[in-house]
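Peer 1: Below: one structure in structure tokens.
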Amino acid sequence: MNKNSCAVITGVAGFIGSNLADSLIKEGYKVIGIDNLSHGIKSQVPSEVEFYDLDIRSKDIYPLFREGDFVFHLAAISSISDCQKDPIEASDINITGAINVFEAAYQAGVKKVIYAETSALYEGIDVFPTSEMRIAPKSFYAFSKACENLFAEGYKNFRGLTMIGLRYFNVYGYRQDYRRTIPPVISSFIIKLLKKESPIIYGDGSKKRDFIYVDDVNDFHLLCLKDDRVNNKIFNLGSGESHSVLEVYEKIKEILKVDIKPIFQKDLEGDEIRKTLADITEAKKIGWTPKKNFTEGLEDMVRYIKAEIKKGNIV
Ligand SMILES: NC(=O)c1ccc[n+]([C@@H]2O[C@H](COP(=O)([O-])OP(=O)(O)OC[C@H]3O[C@@H](n4cnc5c(N)ncnc54)[C@H](O)[C@@H]3O)[C@@H](O)[C@H]2O)c1
């Protein structure tokens, strides 16, 4: 079936989108990719992707969906601190942009829309592991994703569009965006330690996160296309394990065989949540299970960052 199937990916030049494009191409799908390159990088979009440098808020994206059987909507401002700084831009892209994508998908008559939600929707919940049953957003980023979730519900109920929401926990792996002002912990620790500098830990390091490897996430993406049991549902995509920031730091220090002390700074606004831990029962019911062991995942990340340094991409 995938020989003639086409997937449209928004945010294709970003971390998850570019990895997803690789997987879909390997599986024989045609991929049409949209990204305005505000955070994404053109060179990490696989050459086989039919790429369009467009903004998801533009009407120019509509014709691109006509050939699409499936849509992955990933484009967003994905950093909590960027959304805290500029809630207007966050809502414009993460809400209005998402609605424009849903409308384009609806008008084109695509089979399924798979869109990115986030574990940040559980910011106010302290029941662990956390199931998909209830959300309690607290930051501007999470508010914007909660609105996206409501509009997805509307497109399902009023337009009959098949919607699948993926609640990613902390995804890490190849092409994780280390260029951000405040990079995700794993990349930031590795980069600093390789440079023999002290990494910054925001808070006291006791915050725990559920880290999930990008290949595991991609396994679920592929299941979404092949298995209709996912239709009109929401899934947590995490590993079902939590690691504290300090634990991550210690593990990376061990892999790199260095002993450098971190610098502690106050928590970032909007990112104070103490713990995330996914209940992945629903995703497991579809036959998915995360395969990557956390230490092996960190070793892969070290190899990736070292290769980026060698290429001169990280100075
Ligand atoms: N990476 C994670 O751990 C994680 C966790 C939870 C949720 N998510 C969600 O998953 C999705 C993908 O995340 P990611 O880590 O790959 O993020 P990313 O920032 O690497 O990728 C997002 C891409 O969207 C593009 N984009 C932003 N605004 C756009 C616009 N107006 N028009 C067109 N393109 C635009 C950016 O240029 C970027 O390439 C996002 O929706 C994010 O909120 C990610």
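The values are calculated or read from the model by the stated rules, or taken from the named source; none is laboratory data. Treat the numbers as computed from the prediction; the structure is a model and nothing was measured. With ideal geometry, Cβ positions are generated from the backbone for all residues, glycine too; neighbour counts draw on all protein chains shown.
Peer 1: Of the residues that sit in the range 211-238 and are among the aromatic types (F, W, Y) and part of a strand (DSSP E or B), which one is nearest to the ligand (Cβ to nearest atom)?
Peer 2: That would be F211.
Peer 1: Just checking, how many residues over the range 173-187 are within 15 Å of L268 (Cα to Cα) and more than 9 Å from the ligand (Cβ to nearest atom)?
Peer 2: Number satisfying all stated conditions: 4.
Peer 1: I'd like to verify a number: residues in the range 286-313 that are of a type outside the set (S, T, N, Q) and more than 13 Å from I190 (Cβ to Cβ), how many?
Peer 2: 11
Peer 1: Filter the range 181-205 for residues that are more than 23 Å from Y122 (Cα to Cα) and assigned to a loop (DSSP other than H, G, I, E, B); which is modelled with the lowest pLDDT? Walk me through how you get there before you give the answer.
Peer 2: Step one: filter the range 181-205 for residues more than 23 Å from Y122 (Cα to Cα), giving 181, 187-200.
This time we only want the ones that are assigned to a loop (DSSP other than H, G, I, E, B), so: 181, 195-199.
Details: T181: 76, K195: 94, K196: 95, E197: 95, S198: 95, P199: 94.
Here the answer is T181.
Peer 1: Now for a separate question. Any idea which residue in the range 133-172 is farthest from S187 (Cα to Cα), counting only those that are part of a loop (DSSP other than H, G, I, E, B) and more than 13 Å from the ligand (Cβ to nearest atom)? Outline the logic, then answer.
Peer 2: Going through the range 133-172, the residues part of a loop (DSSP other than H, G, I, E, B) turn out to be 133-139, 160-162, 169.
Filter again for more than 13 Å from the ligand (Cβ to nearest atom), leaving 133-136, 138, 160-162.
On the way: M133: 32, R134: 31, I135: 28, A136: 28, K138: 26, G160: 41, L161: 37, T162: 35 Å.
Residue satisfying both the conditions and the ranking: G160.
Peer 1: Let me ask something else about it. Kindly provide the set of residues from the range 65-82 that are modelled with pLDDT under 95 and near the ligand (Cβ under 10 Å from one of its atoms), ordered by number.
Peer 2: If the condition is that a residue be modelled with pLDDT under 95 and near the ligand (Cβ under 10 Å from one of its atoms), then S78, S79, I80, D82 are the ones that fit.
Peer 1: Pull up the range 226-280, narrow it to residues that are of a type in the set (S, T, Y) and farther than 30 Å from Y29 by Cβ, then point me to the one that is nearest to the chain's Cα centre (by Cα).
Peer 2: In the first step, residues of the range 226-280 are kept if they are of a type in the set (S, T, Y); the result is 239, 242, 244, 249, 276.
With farther than 30 Å from Y29 by Cβ added as a condition, the list becomes 242, 244, 249, 276.
Working: S242: 17, S244: 20, Y249: 22, T276: 15 Å.
Applying the filter and picking the extreme gives T276.
Peer 1: Still on this structure, please answer the following. Which one of I32, I16, I25, I41 is within 8 Å of the ligand (Cβ to nearest atom) and farther than 20 Å from I95 by Cα?
Peer 2: Just one listed residue meets the conditions, I41.
Peer 1: Return the total of residues in the range 285-299 being under 21 Å from H243 (Cα atoms) and surrounded by fewer than 16 Cβ atoms within 10 Å (Cβ to Cβ).
Peer 2: So the answer is 6.
Conditions (1) buried (at least 18 other Cβ atoms within 10 Å of the Cβ); (2) modelled with pLDDT under 95, marked per residue:
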| position | (1), (2) |
| --- | --- |
| P129 | no, no |
| R134 | no, no |
| S144 | yes, no |
| C147 | no, no |
| E153 | no, no |
| F158 | no, no |
| F169 | yes, no |
| Y172 | yes, no |
| R179 | no, yes |
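Peer 1: Which count do you get for residues in the range 249-307 that are free of Cβ contacts under 8 Å to residues at least 12 places away in the same chain and either part of a loop (DSSP other than H, G, I, E, B) or among the β-branched types (V, I, T) (or both)?
Peer 2: So the answer is 4.
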